[in-house]
Structures are given as C-alpha cells and as structure tokens.
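Just so it is clear, none of the values below were taken in a lab; they were calculated from the coordinates. None of the values given here were measured: they were computed from a predicted structure. Virtual Cβ from ideal backbone geometry, glycine too; neighbours counted across all protein chains shown.
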Amino acid sequence: MKIAIVHDWLVTFAGAERVLAELLDIWPEADLFSVIDFLSDEDRAQLKGKQATTTFIQRLPQAKKRYQTYLPLMPHAIEQLDLSGYDLIISSSHAVAKGVLTGPDQLHISYVHSPIRYAWDLQHQYLKEANLDRGLKGKLARIILHYVRIWDQRTAAGVDAFVANSHFIARRISKAYRRDAKVIYPPVDIGRFTPSGDKEDFYLTASRMVPYKRMPMIVEAFSAMPDKKLVVIGTGPEFEKAREVAGPNVTLLGYQDFDVLLDHMRRARAFVFAAEEDFGITPIEAQACGTPVIAFGRGGVLETVRGLDAQHPTGVFYAEQTLHSLCAAVHQFEALETPISQQACRQSAERFAVKRFRQEMRSFVEARVAALHLPTDIDLDTVVTPFPSKGLQPSSLNTA
C-alpha cells in the first residue's frame, strides 16, 4: 500500500523531527510531505535523505527565516497537497499537518505533538510574549487565531485515529477536538546518554532560550543562592536577559556540541527544568545519565519524572514558575535523607527507548489497518501492492 507521511514544516531538527525520523525508519518507502522544507544536508541525512513535497509557501519571500508569519496561509496551503493516490497517511502534527485532505477509502492516523498551542489554551501567553496582546496588530492576531481554531477543530473530523505523545496532550486533544487518543510516548535515544559514575557539585540546565523555557528565571534563582553552582548550556532570544541576571556562581556556556552536553549531564548533581512541556525530552536524557531532575510540576514532565511520592523517585517537582518555588525545590532536593539513585533514574528513562516507540507505533497502525477488514496477520516487514479503488484488499507494507 502507498504511504504518505506529512510533517508541519522542516526547518530544524528538534523533538518533532526525531519522531518523524523514526516514522521514516518504520516505513522507509513512504513519501514525505511538508508545508516547507529547508533542512540542512546534515539534518536531512537523519531523514534518510528524503526531500519533502512542499506547498506554495516554500516559494514565498523569506519563508526559511520567517515561515511562522505565514501561519494564516498554512491551513489553505496544507489542503493543496494532493494525497489522493495514497492508502495510508500518517501526519506528524503540532500545527497544521493533520489538516490534509483525505477520502473515505484512505486511512489517516495523526501523531499529535500538541493541538496548535498558540490557537488554543496558550493563546494569551503566546500573544503576550510576541507583544501582540494589545493594539491593532493584537486584535488582528486574535481574529486570525479564532479562524485557525475553527479550521483546526473542523479538520479533526478527517482524522481516523489520533495518537498523542503524552496523557497531557491526550487531554488537550479531548478538550479541543472531543476525540480520544492513544498515548505513545516519543522515542528518546537513551543509548547515547549513559551514567558515568560520581556526581560533582554543580547543577545543569540546557535548552533553547525562548520565553516559555524560563531560562532567565532559573539563572536568577541560582544567582540568589550564591553557594550553589549552575552551568547553563544553550542560546536563543533570551540569552542576553539570562546574562544580565547571572551571578558569579552561574556559568553560561552558550551553544555547545553533543559531547559537551553529555559530559555535563553525566557529572551534574541535578538537572533543572522550568518549562511546561507537552512531553519534554531533555529531562529523560538527564535521567538516562543517572541525573535527578528538579522540574516545574506541570505538563508531560509529570509522566516522565517520578516525584518524591514514588517508590523509586527520580526528581523533585515545584509548584510555581517562580524564583521562590524553584529555590525551595533545590533546598528540598539537598535535604533528602535518602539521595535519589542513579539506577532509579536510568530505569525511569528506559521506559522511553526507541525500540519501544517503534513497536507500539507499528502495532497501532497494524491494528487500524486490520480494522479495515484486512487479514489480522499482516506482516509489516513485507512488501505490498496498492489497494484497489474499490474494496480494500491485502497488499504490502514495506517497513524497516
């Protein structure tokens, strides 16, 4: 059967693209579609060198750097992708990918990283961070997002089955679309992150420095605790703000390559996390290194880090994104009678291994295909021919 995989946009290789890479490993013969595709050759290699079929937005001025300004055009753009020749469509969506047009003889499964965050419950936060919470531009932005919400909810009806990357996102899908979703956690390459032994007397945080990550808040909190050392890895729009509030006990390293990040993750006393993430891969990578996590207790991190009430805890949660709350959590972590063990952290991280994702995703798709009156013993490692236009018949599904 012919398979298409649809992604929102391809500009950088981040968490959503890691999921896409695994989908292409499971179904290497799939054709790739996206609103735009400006990946570097290095990043494209992780997608088996595939070049996406794109939309008219690819050719608009400054689409590579300012693609998000074309959000109002993206619902129309994604609907122009012609997928009529495909039997199975898998969308990897955090914005518009799930809105592709499909017919009654096609199976559309959507792996949702989140419904469009800035159109739903996080609208007010995003508008404020973008300085669009007032004035004429702000009013225009709210009108656009209103119609994006209507489109987003309407196109949910065209999805045959939803997969969410966490129970947190499954609840968001239920709220926005009134649909159930199967939870399959994203793949984390924990094989690259391994414990190394003794911990040293410093804390670590690492992230892109964008507003919702709250990196300056972490820096300011540790600056208020001069007896504790903090190392910060990452760069972005908030880097200067973080530098302004950094005390002498805070070291800002900026962007670093993987080896430097891994070395610090292995040696750090704990990893500090302040974002409300849909899932959050970095806390899992830290745990894979045997490093406990001190995290804001909202979002997907509640599913990936085991708090102090667990039998084998791997971290400490704090209730508010404030200096006081974070400082209190650090003091609580240091006051633990029984330190969090590296072994518990590693075992927690192993729940999210790549092999587990491949097995669960493949099984879910196989079950949905079987529900279309196909034989239940489909071998996803064989090759199949396309479904005929009338009456679905067994064909082949080439997978890795």
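Mind checking the angle between helix 354-370 and the chain's longest principal axis? C-alpha axes, 0 to 90 degrees, to the nearest 10.
Tilt relative to the chain: about 30 degrees.
Let me check against my output: what whole-number percent is the relative contact order of the chain, with C-alpha pairs under 8 Å and at least 6 apart? Before the final figure, lay out each step's value.
Numbers: 790 pairs, mean separation 56.0, N = 400.
Once normalised by length, the contact order is 14 percent.
Mind checking the stretch 283-337 for GluC sites (Glu not before Pro) that DSSP puts in a loop (not H, G, I, E or B) and that have at most 10 other Cβ atoms within 10 Å? Could the numbers behind the result be given before it?
Numbers: sites: Glu285, Glu303, Glu320, Glu334, Glu337; in loops: Glu320, Glu337.
Listed in order of number, the matching sites are Glu337.
Could you give the distance between the Cα centres of the stretch 303-338 and the stretch 14-75, to the whole Å?
About 38 Å separates the Cα centre of the stretch 303-338 from the one of the stretch 14-75.
Using C-alpha positions alone, give me the convex hull volume of the chain per residue in cubic angstrom. Please report the intermediate quantities before stating the final value.
Working: hull volume 58.3 nm³, N = 400.
Normalising the Cα hull of the chain by residue number yields 146 Å³.
Modelled label-to-label distance, Arg298 and Ala370, 7 Å Cα→beta-carbon offset: nm?
For the pair Arg298/Ala370, the computed spacing is 4.1 nm.
Where is the GNM fluctuation largest for the chain (alpha-carbon springs, 10 angstrom cutoff): Leu81, Leu308, Leu122?
Leu122
Pairs Lys137/Lys228; Lys65/Lys241; Lys228/Lys355; Lys50/Lys241: which are spaced more than 32 Å apart, C-alpha to C-alpha? All intermediate terms of the calculation are to be shown ahead of the outcome.
On the way: Lys137/Lys228 43 Å; Lys65/Lys241 23 Å; Lys228/Lys355 38 Å; Lys50/Lys241 38 Å.
Lys137/Lys228; Lys228/Lys355; Lys50/Lys241, as the Cα separations exceed 32 Å there.
Give the lysines whose C-alpha is closer than 21 Å to that of Lys175, dropping any in the same chain fewer than 8 places away, or say none.
Within reach: Lys98.
Just order 141-149, 32-40 by mean Cβ neighbour count inside 10 Å, highest at the front, would you? All intermediate terms of the calculation are to be shown ahead of the outcome.
Values: 141-149: 15.6, 32-40: 21.2.
Packing order, densest peptide first, comes out as 32-40, 141-149.
What FRET efficiency would be calculated for the residue pair Arg142, Arg59, taking the C-beta separation as r and a Förster radius of 35 Å, to the nearest 0.05? Intermediate results must be reported in sequence, preceding the final value.
Values: r = 29 Å, r/R0 = 0.82.
In this case the efficiency is close to 0.75.
Straight-line reach only, C-alpha to C-alpha below 17 angstrom: list the lysines that Lys229 could link to, leaving out same-chain residues fewer than 8 apart.
Cross-link targets: Lys199.
Relative contact order (percent) for the stretch 180-268, with alpha-carbon contacts under 8 angstrom and 6 or more residues of separation?
Numbers: 126 pairs, mean separation 30.1, N = 89.
The value is 34 percent.
Label Gln359 and Ser341 with points 7 Å out from Cα along Cα→Cβ: what is the distance between them in nm?
2.3
Work through the residues other than Asn131 whose Cβ is under 15 Å from its Cβ and net out their charges, Lys, Arg +1 and Asp, Glu -1. Don't skip to the answer; put the middle values down first.
On the way: positive: Lys128, Arg134, Lys137, Lys139, Arg142, Lys241; negative: Glu129, Asp133, Glu238.
Combined, the nearby Lys, Arg, Asp and Glu give +3.
For the stretch 192-270, report the convex hull volume of the alpha-carbon atoms normalised per residue, in Å³, without decimals. Provide the component values of the computation, followed by the final result.
On the way: hull volume 6.5 nm³, N = 79.
Measuring per residue, one finds 82 Å³ for the Cα hull of the stretch 192-270.
Using a Gaussian network model of the chain with C-alpha springs under 10 Å, which one of Asp257, Asp43, Asp278 is most mobile by mean-square fluctuation?
Asp257
Okay, helix-only estimate at 222 nm for the chain: each DSSP H run of n ≥ 4 adds -39500 (n - 2.57), divide by all residues, round to 500 deg cm²/dmol; what do you get? Intermediate results must be reported in sequence, preceding the final value.
Working: 14 runs with 136 residues, N = 400.
That calculation yields -10000 deg cm²/dmol at 222 nm.
State the Kirkwood hydrodynamic radius of the stretch 190-351 in Å, one decimal place, computed from all pairs of distinct Cα atoms. Don't skip to the answer; put the middle values down first.
Numbers: mean 1/r = 0.0653 Å⁻¹.
With all distinct Cα pairs of the stretch 190-351 included, I get 15.3 Å.
Assuming R0 = 45 Å, what is the FRET efficiency of Thr194 and Gln321, from their Cβ-Cβ distance, to the nearest 0.05?
Working: r = 31 Å, r/R0 = 0.68.
FRET efficiency, Thr194 to Gln321: 0.90.
Just need the relative contact order of the stretch 190-351 here, percent rounded to a whole number, with Cα pairs under 8 Å and 6+ apart. Don't skip to the end; give the middle numbers.
Working: 343 pairs, mean separation 38.2, N = 162.
Once normalised by length, the contact order is 24 percent.
Cut-off 16 Å, label point 7 angstrom out along Cα-to-Cβ of Arg351: give me the residues of the stretch 257-288 whose amide nitrogen falls inside.
278-288
Working from Cα positions, state the angle (0 to 90°, nearest 10) between the long axis of helix 258-267 and the longest principal axis of the chain.
50
At a Förster distance of 41 Å, what's the computed FRET efficiency of Ala157 paired with Ala130, Cβ-Cβ distance as r, to 0.05?
Working: r = 30 Å, r/R0 = 0.73.
That gives a FRET efficiency of 0.85.
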